[in-house]
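Report on one structure; see the data block that follows.
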Amino acid sequence: MRRNQREKLREQPALTFNIEKLSHEGRGVSHYGSQPTTGDEGLTVSKYQHPVEKLGKKVFISFALPGETVVAKVHESHKKYEEADALSVENPSPDRVEPICPHFTVCGGCSLQHWSTDAQIAFKQSVLSDHFQHFGGLAPKEWLPALRSTRTDYRRKARLGAKYVIKKEAMLVGFRERKSSYLAELSECKVLDAQIGGRIEELKALLGTLQAREQIPQLEIAVGDEHEDGSVAMIVRHLSPLHQTDTEKLLNYARNLGWQLYLQPGNYDTVHRIDKVDAPMRLHYELPDFGIKFAFSPLDFTQVNRDINRQMVTLACDLLELKEGERVLDLFCGLGNFSLPLARRVGVTGQVVAVEGSEEMVQRGGENAALNGLDNVQFYAQDLTKDFSHQPWAAQGFDALLIDPPRTGAEEVMHYLSRFNAKRIVYVSCNPATLARDAGILTAAGYVMQRAGVMDMFTHTSHVESIALFVKK
């Protein structure tokens, strides 16, 4: 949208909208019409006459809930729709709650804190159901109860922006503002693990005292379970070499808290640990249901929500109903988050074949298998966009299969998955649209979607994590 268009929108009064429903990203949906409107800050507009061509135009309104009447200000105009923010609510939904964070509506980290978590869960299941219906009229035979956590500070990984504002002589640390490249002025973050989210002011003060404060654009944080080598890792990105006094300040802060400290002068290959120079770049987490411990680099992909991850892994293994001696394929296995529990379930006479595109993650999986004394799981590096059914380790077929792909899904794999003749398939998804698309392919290949449900991995956001069980007819 051009600058002069934005200026015109700023000059327009706030309008009243009736919220009909929610979009899949959790914004209220309304349409233009000729109705009395009330402006912001008490400004009353007797009648706002919309141009004929605008009648019926759709409006997406952030922070609005179904059934509410809200006063909103349009900030983006497109050919077929407009975008607005709710400024006030005339008839609040019974599902509306007070946001847990004082920075909600400004910070872009969360979008649904104004909504009860019960309603959020129901909404996410409706999004998943809508996608299944859209792709071939699918529906599971049974909906699973949603996986949920009562922990507010659930987020254990984050990339926080940092910026020293010269005019204000102030340091900013946190997430970006909504739909903006600017950093939000945060004092805390309620959804980040409290070891981090409660120390935003401390981090701002620390970075603000550094000589290189204008050269530090980012902090990357990872949190693991309690361990003798620390449970928190902080990676400091710096665009110019740090002065020794800066390094000492960072080290003192990290050591006082028992944190691991890493510096990143360039790309990820330059990340190195400095609190214990000869110590490994590893944090740790556990899956108590399986007696398994994982070691991971702070740069590795791991699930951000520990409680949901533990429930999710147990549920996935339960859904597969594995028996002693069975052979299981785990695709997009990462560092073995599902692979090692699967290996426990099939016993010493069973076998798990774990496949991942990243050679580094395959090595990490082998490291974790050895750490847990598991020799019935083998890790392989393979481009999963290409047919690998001819590989020797895949040629024997599998009794069961687990797949946990990225947001793009696994369309290429779906087209030849039936060759493995697995009786049961569990699909873990972070994108309901690609899960629904791939479910359609599996259904056409002779599988029935037996059970499906959502997992609240990212509370207070519109992100939908889900799981589905497919059984061969």
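Pick from Leu203, Leu192: which is touching a residue at least 12 places away in the same chain (Cβ under 8 Å) and in contact with a Lys or Arg (Cβ under 8 Å, 6 or more places away or on another chain)?
Values: Leu203 fails: in contact with a Lys or Arg (Cβ under 8 Å, 6 or more places away or on another chain).
None of the others qualify; the one that does is Leu192.
Within the range 282-302, which residues are without any contact (Cβ under 8 Å) to a residue 24 or more places away in the chain and over 16 Å from Thr314 (Cα atoms)? Quick ask: steps written out before the conclusion?
We begin by selecting, within the range 282-302, every residue without any contact (Cβ under 8 Å) to a residue 24 or more places away in the chain; these are 288.
Passing the criteria: none in range.
Within the range 165-185, track down each residue that is of a type in the set (Phe, Trp, Tyr) and open to solvent by 30 Å² or more (accessible area, probe 1.4 Å). Explain how you work it out, then say what you get.
Just the residues of the range 165-185 that are of a type in the set (Phe, Trp, Tyr), to begin with: 175, 182.
The one that is of a type in the set (Phe, Trp, Tyr) and open to solvent by 30 Å² or more (accessible area, probe 1.4 Å): Tyr182.
Selection of the range 151-160 for residues being surrounded by 15 or more Cβ atoms within 10 Å (Cβ to Cβ) and in a strand (DSSP E or B) yields Arg155, Lys157, Ala158, Leu160. Just one of the listed residues (His131, His114) is of a type outside the set (Phe, Trp, Tyr), under 24 Å from the mean Cα position of the chain (by Cα) and open to solvent by less than 20 Å² (accessible area, probe 1.4 Å), and it is His114.
Can you tell which of Val448, Val413, Val426 is outside any loop (DSSP other than H, G, I, E, B), at pLDDT below 95 and within 29 Å of Gln125 (Cα to Cα)? Of the residues listed, the single one that is outside any loop (DSSP other than H, G, I, E, B), at pLDDT below 95 and within 29 Å of Gln125 (Cα to Cα) is Val413.
Among the candidates Lys190, Lys124, the residue that is in contact with a Cys (Cβ under 6 Å, 6 or more places away or on another chain) and either surrounded by fewer than 19 Cβ atoms within 10 Å (Cβ to Cβ) or within 21 Å of Phe63 (Cα to Cα) (or both) is uniquely Lys190. Check whether at least one residue in the range 360-368 is out of contact with any Phe, Trp or Tyr (no Cβ under 9 Å at 6 or more places or on another chain) and more than 18 Å from Gly291 (Cα to Cα), and report yes or no. Looking for residues that are out of contact with any Phe, Trp or Tyr (no Cβ under 9 Å at 6 or more places or on another chain) and more than 18 Å from Gly291 (Cα to Cα), one finds at least one in the range 360-368, hence yes.
What number goes with the only condition from (1) closer than 26 Å to Tyr262 by Cα; (2) open to solvent by 70 Å² or more (accessible area, probe 1.4 Å) that Asp275 does not pass? Every listed condition holds for Asp275 apart from (2).
Among helices (runs of 4 or more DSSP H) entirely within the range 161-264, having at least 1 residues that are of a type in the set (Phe, Trp, Tyr) singles out 244-257.
Criterion first (among the aliphatic types (A, V, I, L, M) and touching a Pro at 6+ places or on another chain (Cβ under 9 Å)) does Val304 satisfy it? Answer is no for this residue. Could you tell me whether any residue of the range 385-392 is in a loop (DSSP other than H, G, I, E, B), more than 18 Å from Leu128 (Cβ to Cβ), open to solvent by 40 Å² or more (accessible area, probe 1.4 Å) and among the β-branched types (Val, Ile, Thr)? The answer is yes, given that some residue of the range 385-392 is in a loop (DSSP other than H, G, I, E, B), more than 18 Å from Leu128 (Cβ to Cβ), open to solvent by 40 Å² or more (accessible area, probe 1.4 Å) and among the β-branched types (Val, Ile, Thr).
Considering the conditions (1) over 20 Å from Leu401 (Cα atoms); (2) open to solvent by less than 30 Å² (accessible area, probe 1.4 Å); (3) assigned to a loop (DSSP other than H, G, I, E, B), Tyr285 is excluded by exactly one of them, (3). If you filter the range 137-150 down to residues that are in contact with a Gly (Cβ under 9 Å, 6 or more places away or on another chain) and open to solvent by less than 70 Å² (accessible area, probe 1.4 Å), you find that the one that is farthest from Ala316 (Cα to Cα) is Leu138.
Restricting to the range 322-351, give me the number of residues that are in a strand (DSSP E or B) and either under 21 Å from Asp387 (Cβ atoms) or among the small types (Gly, Ala, Ser) (or both). So that I can check it myself, show each step before the final result.
Step one: list which residues in the range 322-351 are in a strand (DSSP E or B), which gives 327-331, 351.
Checking which are either under 21 Å from Asp387 (Cβ atoms) or among the small types (Gly, Ala, Ser) (or both) leaves us with 327-331.
Going through the range 322-351 one residue at a time, the tally reaches 5.
The condition of being within 28 Å of the chain's Cα centre (by Cα), open to solvent by less than 10 Å² (accessible area, probe 1.4 Å), over 18 Å from Ser129 (Cα atoms) and modelled with pLDDT of 95 or more holds for only one of Ala369, Ala439, Ala468, Ala381, that being Ala369.
Is it true that Lys47 is modelled with pLDDT under 70 and open to solvent by 80 Å² or more (accessible area, probe 1.4 Å)? Steps first, answer last, please.
On the way: modelled with pLDDT under 70: yes; open to solvent by 80 Å² or more (accessible area, probe 1.4 Å): yes.
Criteria met by Lys47.
Listed by first and then second residue, the pairs linking a residue in the range 358-373 that is under 25 Å from Gly347 (Cβ atoms) to a residue that is polar (S, T, N, Q), with Cβ atoms under 7 Å apart and 6 or more places separating them unless they lie on different chains, are Gly365/Ser339.
For the structure I just gave you, tell me whether His243 is closer than 30 Å to Asp318 by Cα, open to solvent by 40 Å² or more (accessible area, probe 1.4 Å) and in contact with a Leu (Cβ under 9 Å, 6 or more places away or on another chain).
Details: closer than 30 Å to Asp318 by Cα: no; open to solvent by 40 Å² or more (accessible area, probe 1.4 Å): yes; in contact with a Leu (Cβ under 9 Å, 6 or more places away or on another chain): yes.
Spelling it out, it is not the case that His243 is closer than 30 Å to Asp318 by Cα, open to solvent by 40 Å² or more (accessible area, probe 1.4 Å) and in contact with a Leu (Cβ under 9 Å, 6 or more places away or on another chain).
The values are calculated or read from the model by the stated rules, or taken from the named source; none is laboratory data. A quick note: this is a predicted structure, and the numbers were derived from the prediction, not measured. Quick reminder, even Gly has a Cβ in these numbers, built from the backbone with ideal geometry, and neighbours come from all protein chains shown. Surface accessibility is based on the protein's heavy atoms, side chains included, excluding ligands, DNA and RNA. Shrake-Rupley method; radii C 1.70, N 1.55, O 1.52, S 1.80 Å.
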